[in-house]
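One structure is given here, and the rest of the page talks about it.
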């Protein structure tokens, strides 16, 4: 039985490390919740500091001490009761689930609103990384996205946003057993008609509204450009996604993909729209001079 950690305990991090070594699903769940509690505590602390004027009637060491205690316990209670959704994705990562269809989204002004992207089960660090953070990801895939988007008649940043959703802004591209990149930015599976290289990875799918973990085969490409071209061919040639072609409205594009069955996550379209309209995408577009 995994014991609950007290947010007010100064040895919480030591307890967190001990639980992480357990590696059981129960321990992973507790570790994920505690990590989210620590994250929420830091977020609340930052908000307090940002709002502090330094000369108010309640700006004293005693007040700050009790506010800190309150924020610690509040963070713990929030994490134990669902929090901001961060814990469940950390839990999936600790359980070894891959990145396919695990939501990652961007809210304009809510710190920590993004979700962690699960790491692939095979290989070491991706051999081709993106520099410059999330905005840098936009800049570095922009030209490939533009070519693919032109063939579909949609804005290029729609495709960049979907690649960001699928791979956590390029941080969790599925890797092959030797540690090389699959270059699969859209987590496209390898069906019976796929004759190229493949890689197996654990993914989360939704059946009747319930998340289920399974191992699937995914396509492996030789470059990110090839990944974009294959995505454009898949969407462009399939009647399932006919309604997505030519769309310039984010909502209509995302809904068309979800209706066509691109992802089983019931919230997939909403998450995609949030990234398309989000602050990170806007910053990336500015950096790309798009």
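Throughout, read-outs are computed from the coordinates displayed, never taken from laboratory work. The structure displayed is predicted, hence computed values, not measured ones. Here Cβ is always computed from backbone atoms with ideal geometry, including for glycine, and neighbour counts include all displayed protein chains.
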> Among 268-281, 196-209, 226-239, how do they line up from the highest to the lowest mean number of other beta-carbon atoms within 10 Å?
Replying inline: 268-281, 226-239, 196-209
> Given 0.36 nm per residue, what is the gain on full extension from residue 287 to residue 225 after removing their alpha carbon distance, in nm?
Replying inline: 20.3 nm
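Work out how much length residue 42 to residue 233 would gain on full extension: take 0.36 nm times their residue separation and subtract the Cα-Cα distance, in nm to one decimal.
Gain on stretching residue 42 to residue 233: 64.3 nm.
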> Dividing the alpha-carbon radius of gyration of region 133-287 by 2.2 N^0.38 Å (N being the number of residues), what value is obtained?
Replying inline: 0.99
>> Need one number: nm distance between label points at residue 240 and residue 67, each 7 Å from Cα along Cα→Cβ, rounded to one decimal.
In response: 5.2 nm
